[in-house]
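Data first, discussion second: the structure below is written as structure tokens.
The values are calculated or read from the model by the stated rules, or taken from the named source; none is laboratory data. Predicted model only: the values in this text are computed from it and were never measured. Positions of Cβ are generated from backbone atoms using ideal geometry, with glycine treated the same way; all protein chains shown enter the neighbour counts. Ligands, DNA and RNA are stripped out before the accessible areas are found, and what is left, the full protein with its side chains, is counted by its heavy atoms. Shrake-Rupley method; radii C 1.70, N 1.55, O 1.52, S 1.80 Å.
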Amino acid sequence: MTTAPITDPQAAMRLRELVFGAACAAAVRAAARLGVADALGDEPTTVDDLAKAVTTEPKPLRRLLRALSCYGIFAETDGDRFVHTEMSRLLREDAPNSLRYISLWCTEPWTWEAWPRLDEAVRSGKNVFPDVFGKEFFDYLHSDAGDSAKVFDKAMTTSSRQSAADLAEYLDLTGVDSVVDIGGGQGHVLASLLEKYPHLHGTLLDLPKVVAGADPRLREGGVFADRARLVPGDCRNEIPVRADLYIIKNILEWDDESTRRTLANVVKAARPGARVVVVENLVDNSPSMRFTTAMDLLLLLNVGGAKHSEDSMVKLMSAAGLKVGEVRPVNPYLHAFESTVQA
């Protein structure tokens, strides 16, 4: 006779919480869209006053705040009042490291239609977005989901600015006179480096529409314009720039073949010994694995891409002809792979 294993009550409780994860994400999104964090000041505030400030009914707002407070987002005090916590302050639009637009981006309406198809993506290994929406992800985003596209742009801009400061602090550019930021978006990383190193000259390489909206400091008339060059192009096709340092940050998330082409183009363009720094979120050996592995699954769903492990990134870089050295954290979310172009 066998007896059924005893279920750990904490394990059961945790699984119940996890399967209701959509409720937590929806609550964060609701608070961000309502502007609750922006309306709440430094002093404890009653639900009635908050409801007036954000134009909601008090009772459902109280329910929303209590649900969020279970996760450390806002906290309840005496007298039916709520106060900020470290996490709730990050939902403020004016917070130095605001996550408001990241919170909105990760919970956009299309995500709620894509996530239930994850089992199909796991079976096939392909993105399901075209099956759900009739077109590829970025085509849909820019043609059918204008509001979501704006949220995406703001989320990427906010994230880029925050990581640019961390990367500028991380990088030692002693002996480096020229740098190119490959797929560098609006050029926040490049602008941060040009600001820190007055001798430095830099190039921003990205798609034509992206480069056209580069950081004003890099464009004609900007404070760094005389040391900055804007080059429209696709790094998967060609990298027509020679520099001492090549930076590739958070763009090697396509299929492996596109990643191989990009790395090969760097090696082709660079002189032997040139420094190449690849910066990525990792799905292993990282404090942010829960976030990064979730983003990895989202990439599978919407574009068929993937986040890298340390081993997979090193293998791709080595195969391209790069000599990989140290792999070090830039911040809790990003790791830098230091490498040089072999002779």
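Numerical summary
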{"read-out": "Rg/Rh ratio calculated on Cα atoms of the chain (Kirkwood radius)", "value": "1.02"}
{"read-out": "Exposure of W105 as accessible area (Å², to 10), given a probe of 1.4 Å and all protein chains", "value": "20 Å²"}
{"read-out": "Neighbourhood charge, 13 Å Cβ-Cβ cut-off, centred on A23 and excluding it, Lys, Arg +1 and Asp, Glu -1", "value": "+3"}
{"read-out": "Using a Förster distance of 25 Å, the FRET efficiency for L18-R63 (Cβ separation, nearest 0.05)", "value": "0.75"}
{"read-out": "Estimated FRET transfer efficiency when R0 is 30 angstrom, pair T293-T77 (beta carbons, to 0.05)", "value": "0.30"}
{"read-out": "Whole-Å distance, taken between Cα centres, linking segment 209-248 and segment 184-205", "value": "8 Å"}
{"read-out": "Residue among P5, V330, S318 farthest towards the positive dipole end of the chain, charges placed on Cβ", "value": "S318"}
{"read-out": "Between segment 260-335 and segment 40-110, the Cα center-to-center distance that results, in Å", "value": "35 Å"}
{"read-out": "Candidate residues T56, T259: accessible-area rank, largest first, probe 1.4 Å", "value": "T56, T259"}
{"read-out": "Nitroxide proxy distance, nm - points 7 Å out along Cα→Cβ at D42 and D147", "value": "3.5 nm"}
{"read-out": "For H142, net neighbour charge (Lys/Arg +1, Asp/Glu -1) across residues whose Cβ lies under 14 Å away", "value": "-3"}
{"read-out": "Segment 164-267 - charge dipole about Cα centre, Lys and Arg +1 at Cβ, Asp and Glu -1, debye rounded to 20", "value": "260 debye"}
{"read-out": "Projected label distance in nm at D119 and R271, using a 7 Å step from Cα toward the beta-carbon", "value": "5.8 nm"}
{"read-out": "Peptides 9-19, 275-285 ordered by average Cβ neighbours within 10 Å, highest first", "value": "275-285, 9-19"}
{"read-out": "Backbone N under 18 Å from the E86 label point (7 Å along Cα→Cβ), restricted to segment 28-69", "value": "69"}
{"read-out": "Magnitude of the charge dipole, the chain, Cβ model with Lys/Arg +1 and Asp/Glu -1, debye to 20", "value": "340 debye"}
{"read-out": "Dipole in debye (nearest 20) - segment 78-134, about Cα centre, beta carbon charges: Lys, Arg +1; Asp, Glu -1", "value": "160 debye"}
{"read-out": "Accessible area expressed per residue, segment 53-103, with surrounding protein chains retained (probe 1.4 Å, Å²)", "value": "60 Å²"}
{"read-out": "Counted charge near S163, where neighbours are those whose Cβ lies closer than 13 Å (Asp, Glu -1; Lys, Arg +1)", "value": "-2"}
